[in-house]
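A short worksheet on the structure shown next.
The values are calculated or read from the model by the stated rules, or taken from the named source; none is laboratory data. Fair warning: this is a prediction, and the values are worked out from it, not measured in the lab. Note: ideal-geometry Cβ built from the backbone for every residue, glycine included; neighbour counts use all protein chains shown.
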Ligand code: FO1
């Protein structure tokens, strides 16, 4: 079993590449729930949905989230009514949130609903929310406290952040499925997701950090920072604002003691010694999954 600690888009692409090399029954993803929100009375789980949509060939590759062939009539009408439409929920995507919200209201767990949606949409790998308890990533920013999606979407992650919090993490527990996916994994991969806000919320839940420390030699992370910048999203900016070096060395420092190997991009080969000085092995390869051959190279590096 290969288990991947996953955020959104970067993790979805890594899982899609892994899936072409290993059988579905040998691949599972443990997914961040810190981006989840309740809006219009609906529970929305962006990272779980991005992975489900991407691995079933449905993700809107232009936006990076939501569904292909989407229309926006509900949002347009909501705008006419004066409702909140800053967070775009497409007409087709809304069906996912309606289904999930109804099932949660009936008492189903997030884990169970994720499995139902995955099965109906034809996802063949195991997909587990890290916890069934609420864990909400929030920010202390220059304009005051912000929820994850207020920071990310409403303010386009363009406001300075002073601190990140994971509300609820102190009392949240890992699900039994998550614990099993970790304990039975021959290798645990940390996807090239944002360390601070995609992997960080999971590390804040009791048991996960300890399990990575215990299994450290089997843990391989992929740096999402290449030549001092993130391919997508605010990982570079947040690392700097929260006092980390904005490079794969900063990523290695954030994961210090938790990983046996960090995979870094070949453009950062000159930083390999400084990464190794944090106490992990370093593997240098192309980490941008721009086509099938590059994705295959990254897969070989994380599985080697
Ligand atoms: N990202 C945006 O930039 N704008 C949106 O309006 C937006 C809506 C949205 C709806 C459902 C969903 O599953 C994801 C959505 N995202 C949107 C992406 C999401 O905010 C982030 O990419 C992730 O939370 C970060 O991984």
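Key figures for this structure:
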read-out: Extreme residue, nearest to the chain's Cα centre (by Cα), among residues of region 75-101 that are exposed (fewer than 15 other Cβ atoms within 10 Å of the Cβ) and near the ligand (Cβ under 9 Å from one of its atoms); value: 88
read-out: Among (1) in contact with a strand residue (DSSP E or B) (Cβ under 6 Å, 6 or more places away or on another chain); (2) surrounded by fewer than 16 Cβ atoms within 10 Å (Cβ to Cβ) - the single one residue 273 does not satisfy; value: (1)
read-out: Residue, farthest from the ligand (Cβ to nearest atom), within region 17-34, restricted to residues that are buried (at least 23 other Cβ atoms within 10 Å of the Cβ) and in a loop (DSSP other than H, G, I, E, B); value: 33
read-out: One residue from 131, 147, 171, 183 being surrounded by fewer than 22 Cβ atoms within 10 Å (Cβ to Cβ), on the phi < 0 side of the Ramachandran plot and touching a helix residue (DSSP H, G or I) at 6+ places or on another chain (Cβ under 8 Å); value: 183
read-out: Selected residue [within 16 Å of the ligand (Cβ to nearest atom) and modelled with pLDDT of 95 or more] from 230, 169; value: 230
read-out: Counted residues, region 83-101 - those being part of a loop (DSSP other than H, G, I, E, B) and either without any contact (Cβ under 8 Å) to a residue 12 or more places away in the chain or at positive phi (or both); value: 1
read-out: Region 102-123: number of residues that are more than 20 Å from the chain's Cα centre (by Cα), farther than 20 Å from residue 15 by Cα and either at pLDDT below 95 or assigned to a helix (DSSP H, G or I) (or both); value: 4
read-out: Residue match in region 4-16 (condition: more than 10 Å from the ligand (Cβ to nearest atom), surrounded by fewer than 16 Cβ atoms within 10 Å (Cβ to Cβ) and either over 22 Å from residue 182 (Cα atoms) or modelled with pLDDT of 95 or more (or both)); value: no
read-out: Cβ-Cβ under 7 Å pairs, at least 6 apart or on other chains, region 33-47 side touching a residue at least 40 places away in the same chain (Cβ under 8 Å), far side part of a loop (DSSP other than H, G, I, E, B) and more than 10 Å from the ligand (Cβ to nearest atom); value: 33/130; 33/131; 33/135; 34/135; 39/84; 45/33
read-out: Leading residue by the ranking (farthest from residue 109 (Cα to Cα)) among those in region 35-74 that are near the ligand (Cβ under 9 Å from one of its atoms) and assigned to a loop (DSSP other than H, G, I, E, B); value: 63
read-out: Residue within region 173-188 that is touching a strand residue (DSSP E or B) at 6+ places or on another chain (Cβ under 7 Å) and closer than 20 Å to residue 230 by Cβ present; value: no
read-out: Any strands (runs of 3 or more DSSP E) falling wholly within region 206-304 and containing at least 3 residues that are within 19 Å of residue 182 (Cα to Cα) and in contact with a helix residue (DSSP H, G or I) (Cβ under 9 Å, 6 or more places away or on another chain); value: 219-222
read-out: Among residues of region 179-202, those that are within 16 Å of the ligand (Cβ to nearest atom) and assigned to a helix (DSSP H, G or I), counted; value: 8
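Table: residues versus (1) modelled with pLDDT under 95; (2) more than 18 Å from the chain's Cα centre (by Cα).
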{"site": "205", "(1), (2)": "no, no"}
{"site": "211", "(1), (2)": "no, yes"}
{"site": "217", "(1), (2)": "no, yes"}
{"site": "226", "(1), (2)": "no, no"}
{"site": "247", "(1), (2)": "no, yes"}
{"site": "280", "(1), (2)": "no, yes"}
{"site": "292", "(1), (2)": "yes, yes"}
